[in-house]
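A.B. asks: One structure, as structure tokens, below. Some questions next.
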Amino acid sequence: MRLDKLLANMGVGSRKDVKALIKKKNVTVNDAVVKDSGLHVDTECDVVKVNNQTINFQQYIYLMMNKPPGYISATTDNRERTVIDLLPKAYQKFKPFPVGRLDKDTEGLLLITNDGELAHQLVSPKKDVDKTYYAKINGTVTDADIQAFRNGLTLADGYHAKPAALEILHADTVSEINITITEGKFHQVKRMFEAVGKKVVYLKRIKMGKLKLDPDLDVGHFRELTKEELALLDVQQS
Ligand code: URA
């Protein structure tokens, strides 16, 4: 790829900025000062430095966020704050997007990446990827609810939800549960509880596929996935 295009893509600056840096002899390829901004570079083997700093040609980013309430799972919005607004520019330049949607008031595990192929693997309805949520429910969750969820509930709009695994952690006037679903329909967990006459008052995703929310990641914080987590998601690492 052309050096000026590559550096502009990596967020070093506009093509004009990159040309200026090259003119000032601030860019090297394999330690040779570059004179031609149209020089072709091979990102697999060439070492490009700007102001003596090596440019990392990372194509994809993979971030785990503990989504805070009050943010929507979108890349841009005219009125609402989005989860992407929480990322510094250094990450935003990769054009990342959230994988799957959490409601504005839902917290927890959100994978943010620019790897469309991985996102497809995780959200395609055909893949039946497990998603586990911890929730607080207004009302006493019972064994009959477990059975109803296991059988597959019919929601208010007539949609037949696939079987879901409900685990009661604490049954009381406000119950605590974990629920694992394979679908990702709009307000799915909330609507499933409505179908058994109960209301979700707190919802947090704790697992998606094999990826678990890091318990040390504070609400509103994010970090890059570790090598081990990338391996769990079958992401090829170079
Ligand atoms: N189910 C819901 O109702 N809301 C979410 O945010 C995720 C799953």
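A.B. asks: Roughly how many Å² is the accessible area per residue of segment 130-208, as a whole number, for a 1.4 Å probe?
C.D. replies: 50 Å²
A.B. asks: Anything over 31 Å Cα to Cα? Flag those among LYS23/LYS227; LYS95/LYS126; LYS67/LYS126, in the order listed. Don't jump to the answer; show the numbers that get you there.
C.D. replies: Details: LYS23/LYS227 39 Å; LYS95/LYS126 26 Å; LYS67/LYS126 26 Å.
Pairs exceeding the cut-off: LYS23/LYS227.
A.B. asks: A further question on this structure: For segment 182-223, just run the numbers: alpha carbon Rg, then divide by 2.2 N^0.38 Å, N being how many residues it has.
C.D. replies: After normalising by residue count via 2.2 N^0.38 Å, the value is 1.43.
A.B. asks: Quick check: at a probe of 1.4 Å, how many percent of the accessible area of the chain sits on carbon and sulfur atoms?
C.D. replies: Carbon plus sulfur share of accessible area: 49 percent.
A.B. asks: Another question, if that's okay. If you consider only alpha-carbon coordinates, what radius of gyration and Dmax does segment 137-184 have, in Å?
C.D. replies: In Å, with Rg to one decimal and Dmax whole: 11.0, 30.
A.B. asks: Let me ask something additional. Say a paramagnetic label sat at a point 7 Å from the Cα of SER124, along Cα to Cβ; which residues of segment 195-238 have their backbone N under 17 Å from it?
C.D. replies: 209-210, 233-236
A.B. asks: Quick one: which of 139-149, 201-211, 84-94 comes out on top by average Cβ neighbours within 10 Å, and what's the full order, highest first?
C.D. replies: 201-211, 139-149, 84-94
A.B. asks: Ok, one more. Using the Cβ atoms and a cut-off under 12 Å, what net charge is assigned to the surroundings of PHE193, where Lys and Arg are +1 and Asp and Glu are -1?
C.D. replies: +3
A.B. asks: Moving to a separate point now. Greater than 31 Å separation of Cα atoms is the criterion. Which listed pairs, LYS5/LYS104; LYS93/LYS190; LYS35/LYS93; LYS5/LYS207; LYS93/LYS204, meet it? Don't skip to the end; give the middle numbers.
C.D. replies: Values: LYS5/LYS104 37 Å; LYS93/LYS190 34 Å; LYS35/LYS93 26 Å; LYS5/LYS207 38 Å; LYS93/LYS204 28 Å.
Too far apart for the 31 Å limit: LYS5/LYS104; LYS93/LYS190; LYS5/LYS207.
A.B. asks: So what's the convex hull volume per residue for the Cα atoms of the chain, in Å³?
C.D. replies: 146 Å³
A.B. asks: Where a ≥ b ≥ c are the square roots of the eigenvalues of the C-alpha gyration tensor, would you call segment 3-54 rounded, which needs a/c under 1.5, or, failing that, prolate if a/b is larger than b/c, or oblate?
C.D. replies: Since a/c stays below 1.5, the shape of segment 3-54 is classed as rounded.
A.B. asks: Local charge sum around GLU183 (other residues, Cβ-Cβ under 10 Å, Lys/Arg +1, Asp/Glu -1)?
C.D. replies: Charge balance near GLU183 sits at +2.
The values are calculated or read from the model by the stated rules, or taken from the named source; none is laboratory data. Nothing here was measured: the structure is a model prediction, and the numbers come from that model. Positions of Cβ are generated from backbone atoms using ideal geometry, with glycine treated the same way; all protein chains shown enter the neighbour counts. Ligands, DNA and RNA are stripped out before the accessible areas are found, and what is left, the full protein with its side chains, is counted by its heavy atoms. Shrake-Rupley method; radii C 1.70, N 1.55, O 1.52, S 1.80 Å.
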